[in-house]
1. Mind checking the angle between helix 297-306 and the chain's longest principal axis? C-alpha axes, 0 to 90 degrees, to the nearest 10.
2. List the GluC sites (Glu not before Pro) within region 219-314 that DSSP assigns to loop and that have no more than 13 neighbouring Cβ atoms inside 10 Å.
3. Please state the relative contact order of the chain as a whole percent: Cα pairs under 8 Å, 6+ residues apart?
4. Would you mind checking the tilt of helix 127-142 against the longest principal axis of the Cα atoms of the chain, expressed as 0 to 90 degrees and rounded to 10?
5. From the helices alone, meaning DSSP H stretches of at least four residues, give me the mean residue ellipticity at 222 nm for the chain, per-run term -39500 (n - 2.57), in deg cm²/dmol to the nearest 500.
6. Averaging over all projection directions, find the projected area of the Cα convex hull of region 117-162 and quote it in nm² with one decimal place.
7. Could you bin all the Cα-Cα distances of the chain into 10 Å bins starting at 0 and give me the percent of pairs in each, rounded to whole numbers?
8. Quick one: length gained pulling ALA306 to ALA2 fully straight, 0.36 nm per residue minus the C-alpha distance?
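A short reminder: the numbers here are calculations on the coordinates, not readings from a lab. It should be emphasised that the depicted structure is a prediction, and the values quoted were computed from it without experimental measurement. Every residue, glycine among them, receives a Cβ derived from its backbone with ideal geometry; neighbour counts consider all protein chains shown.
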Amino acid sequence: MAVRLDGQVALVTGAGRGLGRAYAIDLAKHGAKVIVNDFGGSVSGEGNDDSPAQQVVNEIKAAGGEAIANPGDVGSYEDCYNMVKQAMDTWGRLDAVVANAGILRDLALHNMSENDWDLVVRVHLKQCYNLIHHSWPVFRQQAYGRVVMATSSSGLVGNFGQGNYGAAKAGMYGLMNVAKIEGEKYNIMVNLISPGAQTRMTENLGGRDPNDPERAVVMAPDHVAPAVTYLASPQCNESGICINASGGRYSRSAIVLTKGVQYDPHSFKDADWFEANFQQITDLEGSYAPWTFQLTRDQHNEALKAAGKPASRA
Ligand SMILES: NC(=O)c1ccc[n+]([C@@H]2O[C@H](COP(=O)([O-])OP(=O)(O)OC[C@H]3O[C@@H](n4cnc5c(N)ncnc54)[C@H](O)[C@@H]3O)[C@@H](O)[C@H]2O)c1
């Protein structure tokens, strides 16, 4: 089925540069009217500049699409309210939110100041609360909504010096897990993208050459955008999925439950028993990604099918 967002409105945060810019342009190519949010700060979140967002708006319009700029700060509750309001005031609807804006304040945990912790968690994780909270009434009213949040392998598996960033990015996984349940009844699908791309945020990492032409192609944000466009589209009936996208490879990250060990809980076990059974308790063989703690995704999909609703393929 062709992925199309004709007549729909998408809000993309941090869309003045890098990955967000690629998402906004691709969503517009697929028919969406786009709110291009970006406050135009540095990688560490300092300063502001309206021009990156406006340039992306100009690019979308030059290609025949529709877009407007928004200079708000995603960490601000009020600014996120105004992003949703701008969509409603301009086009009378909001269908998809891509929470992508981000900054870095990398420091080992013992060197990380409270301010570096607070700011990074505010920009990444509170952004997602702000946007979900404010778009939810619109989504519930129209019984339709799509949310894509930008997580990171730093949170899913870890990376030295990114305690603030990793915690905020992994927090999005927990937020997704709750929002997928709260949104289901209203046809609101909530998913994660874990990207890898050459942008100003990553171009100098690990001694990379920012001018390497090969890297500019194979690690282009355009390799990530198709997944975001799909997850933000009406064709997506998936919720609670985390897609990794980088350098021409797509895959999925998931929190899984192992089969574990069941004992008769009428009697108690001690730490020696736990130690003796540790390997079997933690063995990933036969593990599965649940929908909730009570339901496997398969059971949940079967229940959706039985109710005549579109089920996930994951
Ligand atoms: N590039 C990668 O490989 C990579 C890997 C994992 C995750 N990510 C995530 O993807 C997202 C995009 O990253 P990128 O690589 O394109 O970085 P980027 O620095 O090129 O773009 C981020 C944009 O967000 C904007 N922004 C920052 N704080 C904002 C705020 N408070 N309000 C509004 N706009 C704000 C910036 O002005 C910038 O234009 C980020 O959330 C990042 O953490 C990127």
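1. Roughly 70 degrees, rounded to the nearest 10.
2. Details: sites: GLU238, GLU275, GLU285, GLU302; in loops: GLU238, GLU285.
Within region 219-314, the qualifying GluC sites (Glu not before Pro) (loop, at most 13 other Cβ atoms within 10 Å) are GLU285.
3. Once normalised by length, the contact order is 15 percent.
4. 80 degrees
5. On the way: 11 runs with 124 residues, N = 314.
Using -39500 (n - 2.57) per qualifying helix, the result is -12000 deg cm²/dmol.
6. Mean orientational projected area (region 117-162, Cα hull): 3.8 nm².
7. Computed distribution, short to long bins: 6, 25, 33, 22, 10, 3, 1, 0.
8. On the way: separation 304, 0.36 × 304 = 109.44 nm, distance 2.58 nm.
Fully extending the segment from ALA306 to ALA2 adds 106.9 nm.
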